[in-house]
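The values are calculated or read from the model by the stated rules, or taken from the named source; none is laboratory data. Note that this is a predicted model, so its numbers are computed, not measured. Glycine gets a Cβ as well: all are built from the backbone with ideal geometry, and neighbour counts include every protein chain shown. All accessible areas refer to the heavy atoms of the entire protein, side chains included, with ligands and DNA or RNA removed. Shrake-Rupley method; radii C 1.70, N 1.55, O 1.52, S 1.80 Å.
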Amino acid sequence: MKSIYQNFPSNKTKRKNSAVGISIVFLVILLAGDIYAQKTVEIPMRDGIKLATDLYFPKSEDGSFPVILMRTPYNKVILKAYGVHFSRQGFVFAIQDVRGRFESQGDWEPFINEREDGYDSIEWLAAQDWSTGKIGMYGGSYSAFVQFAAAILKPPHLVTLIPNISSATPFDNMPYEGGVLVMGGNIRWVDIVENSKTLADMQKKAKEIFTKDWNSLLNFLPVIDLDKKILGKENSYWRRWVKHNTDDSYWKKVKYLKKLQELDIPVFLQSGWFDPGNRGTKLAYANLRQSKNKYIKMIMGPWTHTDQSSRYLYGQDLGEAADIGLVGMYIKWFDYWLKGKDNGIINEPLVQVFNFGPNDWLKADTYPLPDTPFVKYYISSEKGANTSRGDGRLQTQKSSSTRQYDTYTYDPGDPSPCFIDHLKKRKLESYKNLVNSREDILVYETAPFEQPLTIAGPISAVLYASSSAKDTDWCVTLYVVTEDGGISPMGMTWGVLRARYRNSMSTPEFMEKDKVYEFTIDLSHTGNTFSKGERIRMEISSASFPEYSRNLNTGGHNEMETEYVSAVQRIYHTKEYPSHLLLPVIKGETPDPKASASRSATFPLTLKEISPSTYPNMITNGLEKS
């Protein structure tokens, strides 16, 4: 292996050796009969900060190799399995602690430094003697965000990306969604990042997501002080996120979506219908499709927040089709774009989305799928849509009811619950009971379907609404009502919007009392076939607690204040103000999933209450079987 270590740092780099400052610790490890070489190097950034990077080399005595870069805030050491696996496939795999984390120098502040640090790391790796100069990037969640951040600066040697389970930019997904702080997800993430040093630590924190009573823990004002309550101390970037509650100059270095339209490299996107960040994948795809490169691949599967495929979802077997061997597909993608292997991957359909019910895949080269009509389902009621005992309807004709609107009172002191909190704990029956009784939740349902109906693609709702308050929130949730009256999720199909941001996330506009405004709410996307007898239910409320921060209805800073007022809300359903749901309906005859011989799981999902044996791990270990 002489060539790997010879002349290190490389004489190809134009930096002076004295500036490189590389410390090398290398170890040759015998593992399962294969030999790989590992080095830890310090890669210098343009400001002199050095980022610790573990390099995993293929089993070879000579030659240069394409490089795959993974950048992480979670400790590069626990991701070693990726390095071993991908190096066995003939790549140098580089795993880097981002700035200020673990062995890397500098100050840690999420998102802010990832553009330049990613660019500098890519170009340094490309300049080494053992590198072919072709660099790919790979990784999930935060490690996906850093790929987009670096790519929009267009490093000359960056060839391709595989961003897995990526959230979108600040006001589309994290830390704000529709202008509303994702309070529960953010404070838990900060807790994991700040208080997890090992894999065991991360798994412990992950279990707490499913076991702690977050409704009680987060029922606290002002929201900015949740860091002291949950972490036991103030956290600087949590407080900056809270203070910068509009799309201002602080977030400029974090935003990337529109700039994806300028990229000219192939990208392989992957996420799951039950990934909380899956709308980020949808938004990234929509912008990448406007770029110069036609090779934008996207797979949306029946999975949670993971970069690996499985046939099991929450313990239920969805059949062999669900486990498509994602890691093997990633290797084929890198083999083609980094090594030039003609393995046929670019001849496969660019888009694959899983269809719950039949538990099969819908495939095409564009998304939404070609010739998908978006059908409006209008809301209506006669006596009122409050609670699931009301008579709220979803129908394809505009309302002919004499009732112009449905109304409820939103009290921030008693916020309506969120679907996802109950979903994570597998307590949908308790959520159903709450919807049966809470007057501050409007419920609209289709009639039972007489024939199966398939939807696949982006979903949204348009509300015509008024409030007695100058600012408030609108929350919409969508799920399945089964033939026997049970409820079942079909993905992360919900969304929120803070009224002041209805036209712009950077320029808030308050409402006039009781004036009707139009609000468009993103409900993410999914693929699902409804069986005969099932119904679609849409709920409208003004809180989704404790996952999302409450609007205090005062027009002030909702996360830094404690005073609140109740608001009287109206949702209109007239010919002039036709509030509706917009669904991507797949044309053609749809087989009923109940009659499918290939169906291998009971669906809709019949989720049981979680037990300790079903806790998901933060880091999976399925690489070796791929």
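Close contacts from the range 315-342, counting a first residue that is polar (S, T, N, Q) and a second that is open to solvent by 40 Å² or more (accessible area, probe 1.4 Å) and in a loop (DSSP other than H, G, I, E, B), with Cβ to Cβ under 9 Å and a gap of 6+ residues or different chains, come to GLN316/THR602; GLN316/THR606. In a residue-by-residue description of the range 396-412, the property of being surrounded by fewer than 18 Cβ atoms within 10 Å (Cβ to Cβ), of a type in the set (Asp, Glu) and out of contact with any strand residue (DSSP E or B) (no Cβ under 6 Å at 6 or more places or on another chain) applies to at least one position. Of the residues making up the range 46-60, not one is at pLDDT 95 or above, open to solvent by less than 10 Å² (accessible area, probe 1.4 Å) and not in a strand (DSSP E or B).
Once the range 170-186 is narrowed to residues that are within 24 Å of LEU79 (Cβ to Cβ) and in a helix (DSSP H, G or I), the residue that is most open to solvent (accessible area, probe 1.4 Å) is GLY185. Cβ separations smaller than 8 Å between residues 6+ apart or across chains give the following pairs from the range 387-407 residues that are at positive phi and in a loop (DSSP other than H, G, I, E, B) to residues that are polar (S, T, N, Q) and open to solvent by 40 Å² or more (accessible area, probe 1.4 Å): THR387/ASN436; THR387/SER437.
The criterion of at least 2 residues that are open to solvent by 10 Å² or more (accessible area, probe 1.4 Å) and farther than 15 Å from THR472 by Cα is met by the following strands (runs of 3 or more DSSP E) wholly inside the range 482-579: 535-541.
Of note, LEU158 does not satisfy the criterion of being under 30 Å from THR246 (Cα atoms), open to solvent by 10 Å² or more (accessible area, probe 1.4 Å) and in contact with a helix residue (DSSP H, G or I) (Cβ under 9 Å, 6 or more places away or on another chain). Scanning the range 374-383 for residues that are in contact with a strand residue (DSSP E or B) (Cβ under 6 Å, 6 or more places away or on another chain) and open to solvent by 10 Å² or more (accessible area, probe 1.4 Å) yields a total of 5. For residues in the range 279-302 being under 17 Å from the mean Cα position of the chain (by Cα) and of a type in the set (Ser, Thr, Tyr), which is surrounded by the most Cβ atoms within 10 Å (Cβ to Cβ)? Out of the qualifying residues, it is THR281. The residues on offer are SER579, SER488, SER542, and the sole one that is in contact (Cβ under 8 Å) with a residue 24 or more places away in the chain and in contact with a His (Cβ under 7 Å, 6 or more places away or on another chain) is SER579. Scanning the range 32-45 for residues that are open to solvent by 10 Å² or more (accessible area, probe 1.4 Å), at pLDDT below 95 and not charged (D, E, K, R) turns up ALA32, GLY33, ILE35, GLN38.
Considering each residue of the range 557-579, count those that are within 15 Å of TYR517 (Cβ to Cβ), in contact with a Pro (Cβ under 9 Å, 6 or more places away or on another chain) and aromatic (Phe, Trp, Tyr), and give that number. So the count comes out to 1. Taking the criterion of being closer than 24 Å to ASP248 by Cβ and either open to solvent by 10 Å² or more (accessible area, probe 1.4 Å) or part of a loop (DSSP other than H, G, I, E, B) (or both), the only residue of the range 472-481 that qualifies is THR472. Going by what's in this entry, would ALA469 be described as among the small types (Gly, Ala, Ser), in a strand (DSSP E or B) and modelled with pLDDT of 95 or more? No; evaluated as a whole, the condition is false for this residue.
Of the residues making up the range 142-155, just one is surrounded by fewer than 24 Cβ atoms within 10 Å (Cβ to Cβ) and within 16 Å of THR72 (Cβ to Cβ), namely TYR142.
Taken together, the residues in the range 309-330 that are within 19 Å of ARG88 (Cβ to Cβ) and open to solvent by less than 20 Å² (accessible area, probe 1.4 Å) amount to 3.
You will find that of ASP391, ASP365, the residue that is surrounded by fewer than 19 Cβ atoms within 10 Å (Cβ to Cβ) and under 30 Å from GLU576 (Cα atoms) is ASP391 and no other. Within the range 202-236, the residues that satisfy the criterion of being charged (D, E, K, R), surrounded by fewer than 18 Cβ atoms within 10 Å (Cβ to Cβ) and at pLDDT 95 or above are ASP225, LYS228, LYS229, LYS233, GLU234. Taking the criterion of being among the aliphatic types (A, V, I, L, M) and either modelled with pLDDT of 70 or more or in a loop (DSSP other than H, G, I, E, B) (or both), the residues of the range 580-602 that qualify are LEU581, LEU582, LEU583, VAL585, ILE586, ALA597, ALA601.
The rows are residues; the columns are (1) under 30 Å from GLU561 (Cα atoms); (2) modelled with pLDDT of 95 or more.
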position: TRP238; (1), (2): yes, yes
position: VAL242; (1), (2): yes, yes
position: LYS255; (1), (2): yes, no
position: LYS259; (1), (2): no, yes
position: LEU263; (1), (2): no, yes
position: VAL267; (1), (2): no, yes
position: GLN270; (1), (2): no, yes
position: PRO276; (1), (2): yes, no
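Mind checking whether some residue in the range 189-198 is in a strand (DSSP E or B), among the acidic types (Asp, Glu) and either open to solvent by less than 10 Å² (accessible area, probe 1.4 Å) or at pLDDT below 95 (or both)? Checked the range 189-198: no residue is in a strand (DSSP E or B), among the acidic types (Asp, Glu) and either open to solvent by less than 10 Å² (accessible area, probe 1.4 Å) or at pLDDT below 95 (or both). Tell me, yes or no, whether the range 366-376 has at least one residue that is free of Cβ contacts under 8 Å to residues at least 40 places away in the same chain and either of a type in the set (S, T, N, Q) or out of contact with any helix residue (DSSP H, G or I) (no Cβ under 7 Å at 6 or more places or on another chain) (or both). Yes, the range 366-376 has at least one match. Residue pairs whose Cβ atoms lie under 9 Å apart, sitting 6 or more positions apart in sequence or on different chains, and linking a residue in the range 350-363 that is free of Cβ contacts under 8 Å to residues at least 60 places away in the same chain and in a loop (DSSP other than H, G, I, E, B) to a partner that is open to solvent by 20 Å² or more (accessible area, probe 1.4 Å) and not small (Gly, Ala, Ser), are LEU350/LYS294; LEU350/TYR295; LEU350/LYS363; LEU350/ASP365; LEU350/THR366; LEU350/TYR367. Pairs meeting the criteria (first residue in the range 69-88 and at pLDDT 95 or above, second residue buried (at least 23 other Cβ atoms within 10 Å of the Cβ) and in a loop (DSSP other than H, G, I, E, B), beta carbons under 7 Å, at least 6 apart or on different chains) are ARG71/VAL98; THR72/VAL98; PRO73/VAL98.
For (1) in a strand (DSSP E or B); (2) of a type in the set (Lys, Arg); (3) touching a His at 6+ places or on another chain (Cβ under 7 Å); (4) crowded, with 21+ Cβ neighbours inside 10 Å, each residue gets a yes or a no:
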| position | (1), (2), (3), (4) |
| --- | --- |
| TYR74 | no, no, no, yes |
| TYR82 | no, no, no, yes |
| GLN96 | yes, no, no, yes |
| TRP108 | no, no, no, no |
| ILE122 | no, no, yes, yes |
